[in-house]
Amino acid sequence: MTNHWIDIKNSDCILIMGSNAAENHPISFKYVTQAMEKGAKLINVDPRFTRTSSKADIYTALRSGTDIAFLGGMIKYILENNLYNHEYTAAYTNAPFIVGEAYGFKDGLFAGYTKNEEGPSAGSYDKSKWAFEMDANGVPKLDRTLKNKKTVFQLMKEHYSRYDLDTVSKVTGTPKEDLIEVYKTYAATGKTGKAGTIMYAMGWTQHTVGTQNIRTMAMIQLMLGNMGVAGGGVNALRGESNVQGSTDHCLLWHIWPGYLKTPRASNNSLEAYNKKWTPKSQDPLSANWWQNYPKYSVSLLKSFFGKTATKDNQFGYNWLPKVDDGSVYSWFDIFDSMYKGDVKGFFAWGQNPACSGSNASKVRKSMEELDWMVNVNIFDNETGSFWKGPGTDASKIKTEVFMLPAAVSVEKEGSITNSGRWMQWRYQGPKPLGNSRPDGDIIMELGQRIKEAYKKGGGVFKDPIVNLKWDYETNGAYDPHKAAKEINGYFTKDVTVKGKLCKKGTLVPSFAWLQTDGSTSSGNWLYCNSYTEKGNMSARRSQQDAPNNIGLYPEFAWCWPVNRRIIYNRASVDPKGRPWDKKDWVIKFAGEEKDGKYVSKKWIGDVPDGGWYPLENPDGSKRKDSKHPFIMRKHGFGQIFGPGRADGPFPEHYEPLECPVEKNSFSSQMVNPTAVVYNTKADAHATCDPRFPFVGTTYRVSEHWQTGLMTRPQPWLMELQPNMFVEMSEELAKLRGIKNGERVNVTSARSSVECTAIVTKRFKPFKIGYATVHQVGVPWHYGWRWPATGTEESANLLTPSAGDPNTRIPETKAFMVNVTKL
Amino acid sequence: MKLDRRDFIKISGATAAGIAVSGLGFDLKQVKSHAGMLKTRYAKESTTICCYCAVGCGAIVHTSKRGDGRVMNIEGDPDHVINQGSLCSKGSSIKQLVENENRLTEPMYRAPYSDKWQTVSWDWALNNIADRVKKTRDESFEKTNAKGQTVNRTTKIASVGSAALDNEECWIYQSLMRSLGLVYIEHQARI
Amino acid sequence: MSKSILIDTTICTGCRGCQVACKQWHNLPAEKTTNVGSFQNPQDLSFDTYKLVRMNEEIINGKLEWLFFADQCRHCIDAPCLETAFDENAIYKDSATGAVQYTKTTKKLDADEIIGSCPYNIPRKAVDGTLAKCDMCNDRIHNGLKPACVTACPTGAMQFGDRDEILALAGQRLEKAKKKFPKAMLLNPDEVNVIYLVGFDPELYTDYAVASNDRGGLSRSVALRKMMGPFAKMMRV
């Protein structure tokens, strides 16, 4: 989330699309309700009427997988009715940038496309074709009037001129009058002082166009001036208590803690690595925050290897693994490789891929190829016990499995980071049950034994292992405070920074103090400032709000970066530093003014996104010592044109890999031309196939969580939602002769799952052109291990192994199925 | 003295109970039995953050100070600025997650081709896992790739997880995995 | 001053935090349930389920509405169950809170008569005939805590306080609700301590949302006792 949970109350219009907040983030509705009590409108767009819809002022349905069409229509509506925020769009977004001559778009393809016959990626783009035009100094050329035909603004207008109401309605199945009502209501937040927010989740990400779904909305938020303001932002409702923190600390193949890049093989030295990944801007008004990259990477290496990381050994850079340039090592690729027998050892630590991975049959089959597996969890699960799952023969499965019992969160101490980026400390209640142990102790202990094995017995390339800093223990037990301090970072020698002597061994106050010479460590620069000499910031409990009284609660817990509660908040003020919204302001410039010029620097409210002077003086003269507000972008502007994405600088509607229509109404490109599709025997797909006539989608319910492993063993929650089910319309039930409550089979090209039919008015068939398209939905909370009957299985047995080209996230929100009586 | 909401509740609670005992009619006996002690009165109180979704709601954990030292009650923390005491059905059931007869309480091992689990000691499990890691890593370690570039990695070991770990655990876990040369490191954020 | 609860169904999201919080605080066991084609479960209140969010899908004025009704004991001001039982060791009212309390002694009562006397169809019996229902978390109230269900409620749909405050709040909430739901109403506010605010015809939520005419009728003996007031206690008619 660019903003945070409490901030939702400041919104004037809340769009919930691609999420079901009332059910999956129930407490968010405290703030949705508060906003509505003050007059905010709630819009909900979802293929199915949910508990969120039940509270909405406006609810309308769309066919799964057509969000870009829906939102593309909104962009057209906003532009044609002149409802965008002119001042904001011209000042803070890249709408005025001039795009180079090489850019083009024709019949669903952007310039620079090459098809890839081998897969799994269907094709790729030469993104240099989408570059901006630069002036002689290497600064982007702009036309603030937005009139130049080559501006991003005009190109956007042209691109979305094709998204007319008739076509959008035909594709989405949403009635035209509903489209207009949603567009009109949301676009009203373009007015200065009004804020609209989007609450989205996996309903947007889990598509072959997942990243672009979100980009479409980000463009709308920029055009309407909704970024950086209270009650605005682009808000991903993250689904797991620490999925934000685990992402920040980068338990992911492509990034290192703090969103640094995993080195490529071609980055053959620390210097080459830093050079490659440190962006350069020639614009003195661009903060280009990532210019600090080498400070963060070197400090991280110091945290990895401590004293053994020295300038002479490039701080241990070459001890760490490199990935091949152009190769991808994502979730899909792990299991594809495992399926082919190329992975021997496997850790499934606090995760249940046998139910959570799309095309779960392939995932389960892959595990049979392993020599060994380590499964750490609080319950036995479908992953650890895969060898005795349905359809397996244990006597033929070689895999050794170690199942380690972990403590539950309340039995240990440490922090987690919520969706609003708040790091919050948890304390131990009871001791771990039985012989279970906190994950931290298991990790430490395992690390010790591996280190000892290499120290004693030697082994291949043992330096990184024996040199790994591994002192996060007190009295022989894992100490989360020591790890938290390492993440924050230390001064590793006496050093003078900003004219202040910083003593060796003291904690770094914030990332502005990090250095490139090894005099600082920091396990994650984004968390530098979280645990300082002043103490553990995440444990703070003050209920005092900030002076602007918009619910920032700056001394309750801690949030990254540097406790800034609303990011990009420099865009919440006009170029003179005055809030667009006078009432619910985030920051305001409070420096002294003399003769129409600002003469001293002071911001009040939230921690500003950089403390520079405003862009302009009160008399309108431009300042040279200011910075553009979008400081994490190379040029400092919000990106309406996104030339970094794999599938194009503007989002374009493509059909899901499996879809019910034979033609894409917007172009002759049926599916995202860069989508990722796997092709082993276990990766069957079927589109426009009469055997699978209905659109299927997966989702969650309030009473269960993820694969259900932390809810299915609980009688209280099983009482509420005891069975795997499929929801369908009354019309579809009639068509198939299905009665409410009876058991049915849901089948896709990959597998079949038995479900209880919920026949409901909350699903309605879609009118897609002249055809009627039915959609059904299944929750992905079940698995054969719990309940012990073994009859309730995972919806991911049905979902495909195809994904988004930017992230390789699977397309589990739109695929094709059949429903039949048992 | 600045009172937080919970202090206030404690104080007003004491007052309410005081009133309840005085000035009552015939049903004094029953009222006393109800107005008496809360089951959580002698419990240790600790704060936590809910382990389910990422709203980050605060909860109070009441752990018995007597007997088994287990959880007696978990409810929303009224002093937490986000949820102010609220919890959904999942958050309200955390006690049953912790105090659950289905939990794993011993390390277990499944041998190749076996059809059952056997309980093992932590020592045995961790030593054997360390052995497997070392063996697979050493056999598969690539110092250079097909192009001859230094890569220092293994693609024969993969790790998934976890958004269920604390931040500090995530950090030490990724550092251990990366020091071993793993590049197949993924978790819930990808799916 | 007795305590009251307001349940504003117009802002209830049906998250069922209240339903589980109730079981959690009271240590009530889960029931074995089956999905019968609806999200609602269990299907009814029981000896082990004091609080149940009833869920109904209705087309009202051409629009689909998903109605949630967090059903529970209303803690009647003049509770027919209490009158019917006529045994303070089994059913009594805590005069400090207004909460109607059932004890183990309810086992000695005619359970069906007690259940039949309830205009809202709330009490439920165990196999041995013992009766149970919501106790308003009387132990919590006496210790300055809100009832577990009210504490858990995310949207403020459930509010707890002194009766006069809750009545005032109910009036304000009703005025507010009427702007979106012209037919909004409070259910038997003068007769109960657990006051529901509904946006639509109460019968759409559950059969016994409002005091039912064909239930709660006082038997002759109960009516007589009522007439005689305090003396009845001595006379044990």
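The values are calculated or read from the model by the stated rules, or taken from the named source; none is laboratory data. Bear in mind the structure is a predicted one, so any value in this text is a computation, not a measurement. Cβ placement follows ideal geometry from the backbone for every residue including glycine, while neighbour counts extend to all protein chains displayed. Surface areas here come from the heavy atoms of the whole protein model, side chains and all, with no ligands, DNA or RNA. Shrake-Rupley method; radii C 1.70, N 1.55, O 1.52, S 1.80 Å.
Using θ = phi - 60° and the Karplus relation 6.51 cos²θ - 1.76 cosθ + 1.60, list the HN-Hα couplings for segment B:82-90 in order, rounded to whole Hz, with x at every Gly or Pro.
7, 8, 6, x, 6, 8, 7, 4, 5
Name the shape class, rounded, prolate or oblate, that the alpha-carbon gyration tensor gives for segment C:1-121, where a ≥ b ≥ c are the square roots of its eigenvalues, rounded holds for a/c under 1.5, and otherwise prolate holds if a/b is larger than b/c and oblate otherwise.
It comes out prolate by the Cα gyration axes.
If you take the charge dipole of chain A about its Cα centre, with +1 on Lys and Arg Cβ and -1 on Asp and Glu Cβ, which of A:N664, A:H685, A:P430 is farthest toward its positive end?
Highest projection toward the positive end goes to A:P430.
When Cβ neighbours within 10 Å are restricted to other protein chains, what is their mean count per residue of peptide A:323-332?
Going residue by residue through A:323-332 and averaging, the value is 4.
Given q = 0.15, 0.19 Å⁻¹, what are the Debye log10 I(q)/I(0) values for segment C:24-95, with equal point scatterers placed on the Cα positions and solvent ignored?
The Debye formula, applied to the Cα set alone, gives -0.74, -0.94.
Return one quarter of the surface area of the convex hull spanned by the alpha-carbon atoms of segment A:679-782, equal to its mean projected area, in nm².
8.0 nm²
Per q in 0.11, 0.14 1/Å, what log10 I(q)/I(0) does a Debye calculation on the alpha-carbon atoms of chain C return?
-0.56, -0.92
Please work out the average accessible area per residue across segment A:471-596, using the 1.4 Å probe convention, and give it in Å².
On the way: 5070 Å² over 126 residues.
That works out to 40 Å² per residue.
Hey, what's the Kirkwood Rh for chain A if you take every pair of different alpha carbons, in angstrom?
Numbers: mean 1/r = 0.0356 Å⁻¹.
Mean inverse Cα-Cα distance, inverted, gives 28.1 Å.
Given a 1.4 Å probe and no ligands, DNA or RNA in the count, how much accessible surface is buried by C and B, both sides, to the nearest 100 Å²?
The buried area between C and B, both sides summed, comes to about 2400 Å².
Say R0 is 25 Å: what FRET efficiency, to the nearest 0.05, do A:K149 and A:M632 get from their beta-carbon distance?
Values: r = 29 Å, r/R0 = 1.18.
Approximately 0.25, to the nearest 0.05.
Take every Cα-Cα pair in segment A:482-576 and report what % of them are more than 20 Å apart.
44 percent
About the Cα centre of segment C:42-113, what is the dipole size in debye to 20, counting +1 per Lys and Arg Cβ and -1 per Asp and Glu Cβ, all else neutral?
The dipole of segment C:42-113 has a size of about 240 debye.
Strictly over 32 Å apart at the Cα level, which of A:K761/C:K179; A:K469/A:K681; A:K398/A:K455; A:K455/B:K116 would you flag in this model?
In this structure, A:K469/A:K681; A:K455/B:K116 exceed 32 Å between Cα atoms.
So how compact is segment C:29-71: Cα radius of gyration and Dmax in angstrom?
Taking only Cα atoms of segment C:29-71, I get Rg and Dmax of 12.4, 40 Å.
Under 12 Å from the Cβ of A:G210, count the other residues' Cβ atoms, weight Lys and Arg +1, Asp and Glu -1, and hand me the total.
That sum, taken over residues with Cβ under 12 Å, equals +1.
Just the number please: accessible area per residue for segment A:239-372, 1.4 Å probe, all protein chains included, in Å².
Heavy-atom accessible area per residue stands at 29 Å².
Reported to two decimal places, what Rg/Rh ratio describes segment A:378-421 when computed on Cα atoms with Rh from the Kirkwood expression?
Rg divided by Rh gives 1.20.
With just the Cα atoms defining each centre, how far is segment A:594-632 from segment A:140-186? Give it in Å.
A separation of 33 Å, based on Cα centres.
Quick one: 3J(HN,Hα) in Hz for segment A:282-292, Karplus 6.51/-1.76/1.60 with θ = phi - 60°, rounded, Gly and Pro as x.
Result, ordered by residue: 8, 8, x, 8, 9, 5, 6, 3, 5, 4, 7 Hz.
Mean projection of the alpha-carbon convex hull of segment A:34-137 over all orientations, in nm²?
Working: hull surface 47.3 nm².
Reported value for the Cα convex hull: 11.8 nm².
Tell me: how much accessible area in total is hidden between A and B, 1.4 Å probe, Å², nearest 100?
12600 Å²
Name the lysines eligible as straight-distance cross-link partners of A:K431: C-alpha to C-alpha under 26 Å, and not fewer than 8 places from it in the same chain.
A:K412, A:K482, A:K485, B:K39, B:K44, B:K65, B:K90, B:K95, C:K23
In segment A:589-707, what is the volume of the convex hull around the alpha carbon atoms, normalised per residue and reported in Å³?
Enclosed volume per residue, from the Cα hull, is 232 Å³.
Work out, step by step, the length gained on full extension between A:Y770 and A:A131: first 0.36 nm times the residue separation, then minus their alpha carbon distance; give nm to one decimal.
Full extension of this stretch gives 225.9 nm more.
Taking amide hydrogens as modeled 1.01 Å from N in the peptide plane, which residues meet the under 5 Å criterion relative to B:N73, leaving out close sequence neighbours?
B:H62
So, for segment B:51-191, what is the accessible surface per residue at a probe of 1.4 Å, expressed in square angstrom?
Details: 4040 Å² over 141 residues.
Roughly 29 Å² per residue, with all protein chains present.
Show me, bin by bin at 10 Å from 0, the whole-percent P(r) of segment A:82-235 based on Cα pairs.
Answer for segment A:82-235: a P(r) of 9, 30, 38, 20, 3, 0 percent.
Buried accessible area between C and A (1.4 Å probe, both chains summed, ligands and nucleic acids excluded), in Å² to the nearest 100?
So the buried area, both faces added, is about 3100 Å².
Under 18 Å between alpha carbons: how many lysine pairs meet that in segment A:538-653, if sequence neighbours fewer than 8 apart on the same chain are excluded?
Qualifying lysine pairs in segment A:538-653: 27.
Quantify, in whole percent, the carbon and sulfur part of the accessible surface of segment A:275-364 (1.4 Å probe; protein heavy atoms only).
Looking at segment A:275-364 in its full context, I get 51 percent from C and S.
Can you list residues whose amide H is under 5 Å from A:N85's amide H, if they're 5+ apart or on another chain and H is modeled 1.01 Å from N?
A:L224, A:G225
Given a 1.4 angstrom probe, I'd like the percentage of the accessible area of segment A:705-822 that is carbon and sulfur, rounded to a whole number.
56 percent
If one computes P(r) from the Cα atoms of segment A:1-74, what percent of pairs lie at distances over 21 Å? All intermediate terms of the calculation are to be shown ahead of the outcome.
On the way: 655 of 2701 pairs.
Every Cα pair in segment A:1-74 considered, those over 21 Å come to 24 percent.
Leaving out ligands, DNA and RNA, what percent of the accessible area of segment A:66-181 is carbon and sulfur, probe 1.4 Å?
49 percent
Highest mean first, what order results for A:469-482, A:686-699, A:752-765 on Cβ atoms within 10 Å? Walk me through the numbers before you get to the answer.
Values: A:469-482: 16.2, A:686-699: 19.4, A:752-765: 20.9.
The most tightly packed comes first, giving A:752-765, A:686-699, A:469-482.
Which residues of segment A:741-766 bury at least 10 Å² of accessible area once all protein chains are present, versus their chain alone (1.4 Å probe)?
A:G741, A:T756, A:I758, A:T760, A:K761, A:R762
Taking the Cα centre of segment C:1-138 as the origin, how large is its charge dipole in debye, to the nearest 20, when only Lys and Arg (+1) and Asp and Glu (-1) carry charge on their Cβ atoms?
380 debye
What are the ³J(HN,Hα) couplings of segment A:102-111, residue after residue, when phi is run through the Karplus curve with 6.51, -1.76, 1.60 and θ = phi - 60°? Round to Hz, x for glycine and proline.
Along segment A:102-111, the couplings run 6, 5, x, 8, 8, 6, x, 10, 8, 4 Hz.
Mind checking C:113-122 for the average number of partner chain beta-carbons within 10 Å of each residue's beta-carbon?
If you average over the peptide's residues, the count of other-chain Cβ atoms is 0.
Given a Förster distance of 35 Å, report the FRET efficiency between B:T105 and C:D48 from their Cβ-Cβ distance, rounded to the nearest 0.05. It would help to have the intermediate numbers written out before the result.
Details: r = 27 Å, r/R0 = 0.78.
Calculated value: 0.80.
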